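Undergrad: Once you've had a glance at the structure underneath, I'll fire off some questions.
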Amino acid sequence: MRYRVDAPVAGLRGWISTAALLVGCLLAGTVAAAVQQYPAALKPFLSQGIRVVKQFAAVDGLKGWVVERDGNYRIVYTSADGKYLFIGLVADEQGNNLTQAEYKTYVPKPNLAGAWSKLEKADWVAEGSEVPKAIVYVVFDPNCPYCHFFWRAAQAYEKVGLQVRYVLVAFVKADSAGKAAAILESNDPARALNKNETGFQVSTETGAIAPMQNPKPATRAKLRANMRLMSSLRVESTPTIFYKSPSGEVRMVSGMPRLGRLPELFGLPKQKIDDPDLARFR
């Protein structure tokens with residue numbers, strides 16, 4: 001088995017904030033007795049409020065650790081001798097993302113009991129039916145190509161009673177914040193979002209709306225709040241869709257779902273979608 005530990009790649013941009021979180025917490029200090037059992041490279045982080053949830057055996061003698069702080073879970077690795085800490089993803093020689101698989105296996109599933117009320121109170125842009133038969137919330141970046149594909153797929157369902165509430169965040173590209181701000185500050189945010197998606201350039205993964213250079217402080221605060229909400233709900237990628245099951249249970253789906261799942265997510269009859277660019281999601 002050959003492995004690599006390297007920087008985040010597209011689709012795993014949440015690891016960037018992980019590195020910043022952990023490195024920012026690396027401060028000198030006395031290690032408490034409670035963390036003496038852990039490898040030396042991990043101890044400085046634990047003394048600053050990061051909690052170990054689980055340990056597991058990783059590839060080539062690496063030790064994997066599920067760590068948590070303020071409700072945010074990540075996976076880090078230590079060397080066999082405990083002297084080095086690795087932050088990033090581990091992939092094998094076939095390009096398989098082992099860290100992602102380990103995350104799904106070892107990280108506790110999120111408790112979504114209070115998610116719906118948090119989303120209702122967030123700043124979102126509604127599109128679709130004004131008298132909805134069904135509502136979903138979508139964590140959405142204006143430069144995210146898979147968000148764009150979701151938007152295209154949702155159009156048919158919006159015609160039969162779906163309302164989509166887009167919770168705008170900004171982390172895919174440097175100008176995502178400016179584009180999100182341009183949508184939020186528009187006189188008609190739904191129309192601005194539609195403009196961004198109608199002209200979206202899939203080849204360059206670029207939303208169509210011009211980024212705002214100097215958003216209002218209130219707009220910046222809204223985006224920061226949405227990013228905090230994204231973190232608290234343990235959303236790792238966009239789009240992430242929140243919906244309710246027939247029994248009222250809140251559920252979460254990350255990534256662009258298969259078209260065949262949309263009736264389940266939306267609670268609406270299956271609609272014909274003949275967009276050739278969405279054929280890959282059938």
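Undergrad: Anything in the range 78-105 that is surrounded by 15 or more Cβ atoms within 10 Å (Cβ to Cβ), within 18 Å of the chain's Cα centre (by Cα) and among the hydroxyl-bearing types (Ser, Thr, Tyr)? List them, or say none.
TA: Scanning the range 78-105 gives Thr99, Tyr103.
Undergrad: Within the range 164-172, is there a residue that is out of contact with any Ser or Thr (no Cβ under 6 Å at 6 or more places or on another chain), buried (at least 18 other Cβ atoms within 10 Å of the Cβ) and over 22 Å from Tyr243 (Cα atoms)?
TA: Among the residues of the range 164-172, at least one is out of contact with any Ser or Thr (no Cβ under 6 Å at 6 or more places or on another chain), buried (at least 18 other Cβ atoms within 10 Å of the Cβ) and over 22 Å from Tyr243 (Cα atoms), which makes the answer yes.
Undergrad: Something else about it: Kindly check whether there is at least one residue in the range 121-134 that is out of contact with any Gly (no Cβ under 7 Å at 6 or more places or on another chain), in a helix (DSSP H, G or I) and either outside the structural domain of Ser237 (by TED's automatic domain parsing) or more than 30 Å from Phe56 (Cα to Cα) (or both).
TA: Taking every residue of the range 121-134 in turn, at least one turns out to be out of contact with any Gly (no Cβ under 7 Å at 6 or more places or on another chain), in a helix (DSSP H, G or I) and either outside the structural domain of Ser237 (by TED's automatic domain parsing) or more than 30 Å from Phe56 (Cα to Cα) (or both).
Undergrad: Does any residue of the range 76-85 turn out to be in a strand (DSSP E or B) and either in the same structural domain as Arg165 (by TED's automatic domain parsing) or of a type in the set (A, V, I, L, M, F, W, C) (or both)?
TA: Looking through the range 76-85, at least one residue is in a strand (DSSP E or B) and either in the same structural domain as Arg165 (by TED's automatic domain parsing) or of a type in the set (A, V, I, L, M, F, W, C) (or both).
Undergrad: Can you name every residue in the range 135-168 that is of a type in the set (A, V, I, L, M), over 19 Å from Thr206 (Cα atoms) and part of a helix (DSSP H, G or I)?
TA: Across the range 135-168, the qualifying residues are Ala154, Ala156.
Undergrad: For the range 110-137, which residues satisfy the criterion of being among the small types (Gly, Ala, Ser) and modelled with pLDDT of 95 or more?
TA: Ala115, Ser117, Ala122, Ala126, Gly128, Ser129, Ala134
Undergrad: Right, next: Among the candidates Arg261, Arg224, single out the residue that is farther than 22 Å from Glu158 by Cα and not in a loop (DSSP other than H, G, I, E, B).
TA: Sole residue among the options that is farther than 22 Å from Glu158 by Cα and not in a loop (DSSP other than H, G, I, E, B): Arg224.
Undergrad: Could you figure out which of (1) in a strand (DSSP E or B); (2) surrounded by 22 or more Cβ atoms within 10 Å (Cβ to Cβ); (3) among the β-branched types (Val, Ile, Thr) isn't true of Ile183?
TA: The single condition Ile183 does not satisfy is (1).
The values are calculated or read from the model by the stated rules, or taken from the named source; none is laboratory data. If you're wondering where the values come from, they're calculated on a predicted model, not measured in any experiment. Note that each Cβ is placed from the backbone with ideal geometry, even for glycine, and that neighbours are counted across all protein chains shown.
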